[in-house]
1. Can you tell me which of 100-107, 41-48 comes out highest on packing, and rank the rest after it, using the mean Cβ neighbours within 10 Å?
2. Taking a 19 Å limit on the Cα-Cα distance, which of the listed pairs K90/K151; K90/K125; K125/K155; K73/K125; K73/K151 fall beyond it?
3. Just add up the charged neighbours of E120: K/R +1, D/E -1, any other residue whose Cβ is under 13 Å from the Cβ of E120.
4. In debye, nearest 20: dipole of segment 42-154 around its Cα centre with unit charges on the Cβ of K, R (+) and D, E (-)?
5. Under a Cβ-Cβ cut-off of 12 Å, what is the net charge of the residues other than R107 that fall near it, where Lys and Arg count +1 and Asp and Glu count -1?
6. When the chain is fully extended, how far beyond the present Cα-Cα distance does E120 get from Q61, taking 0.36 nm per residue of separation?
7. With label points built 7 Å along Cα→Cβ from the Cα atoms of V153 and R107, find their separation and express it in nm.
8. How much net charge surrounds K151 when only the other residues with a Cβ under 13 Å from the Cβ of K151 are counted, with Lys and Arg +1 and Asp and Glu -1?
Amino acid sequence: METLKTSAIVCLTLVLVGALFSTALAADKEDKIQPDKSIKAHKIIRIIDIGSVQPGVATVQPGTTVIWINNSKRTIELQFEGKQVTLACKSPVHFVIDEQGSFISDRIPSGSVASLCFVERGEFKYVARNVLSSYSAGLPYEDRAREFRGKVVVK
C-alpha cells in the first residue's frame, strides 16, 4: 500500500514538472513568434451589378493583397490587360498561372471573393467579365455581356 502511494506521488510530481516545463517552452516559443512584417495591408474592390468596380482605381503599396468581392448576380472572370501580373506573394484565391506565366482568374461565383497580393510596381488594368452560361444565352445582350473595368496601381 505504501509503495502504491509513493508511486502515485512520483507520477503526480512528474506530471506537474512536465506541465511546468511545457508551459515554459510554449511561452519561450511565443516570444520568438513575430508577425510577418512583409504584409502591408489589404484593399477591397467590389464588383457590383450597376456596371461598376468600386473603387475604379485602387492605389496600393507592394505587398498589399487586393480582394475582389463579386457582388454582381453572375459569375465573373478577371483578366489583366496590358501589363500582366507575373509575381505575387502568399497564396492567391481564384487565380492561376497561365502558359505565359501571368496570373489569370478562374470563375468567381456571385458572392465569392478572389484575391491577389501585388509585389511588382506598376499599373495593372483589368476587366471583370460576366461568364456566359446556357441560361444567360436567352437574356438580352446588355444583361449577358457586362464588363467592369478597373485598375490597380502599385507604387
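The numbers here are math on the coordinates, done by the rules we state, and not lab data. These numbers were taken from a predicted model, which means no experiment stands behind them. Cβ coordinates were reconstructed from backbone atoms using ideal geometry, including for glycine residues, and neighbour counts include every protein chain displayed.
1. Numbers: 100-107: 14.4, 41-48: 16.2.
Ranking, from highest mean packing down: 41-48, 100-107.
2. Details: K90/K151 21 Å; K90/K125 21 Å; K125/K155 14 Å; K73/K125 23 Å; K73/K151 22 Å.
Beyond 19 Å between Cα atoms: K90/K151; K90/K125; K73/K125; K73/K151.
3. Values: positive: K83, R121, K155; negative: E123.
Counting the neighbours of E120, the net charge comes to +2.
4. Working: 14 positive and 11 negative charges, 58 e Å.
Value, rounded to 20: 280 debye.
5. Numbers: positive: R74, R129; negative: E77, D106.
Overall, the nearby charge balance is 0.
6. Values: separation 59, 0.36 × 59 = 21.24 nm, distance 0.94 nm.
Extending this stretch completely gives an extra 20.3 nm.
7. Placing both labels 7 Å along Cα→Cβ, they lie 3.5 nm apart.
8. On the way: positive: K43, K83, K125, R149, K155; negative: E81, E123.
Computed value for this residue: +3.
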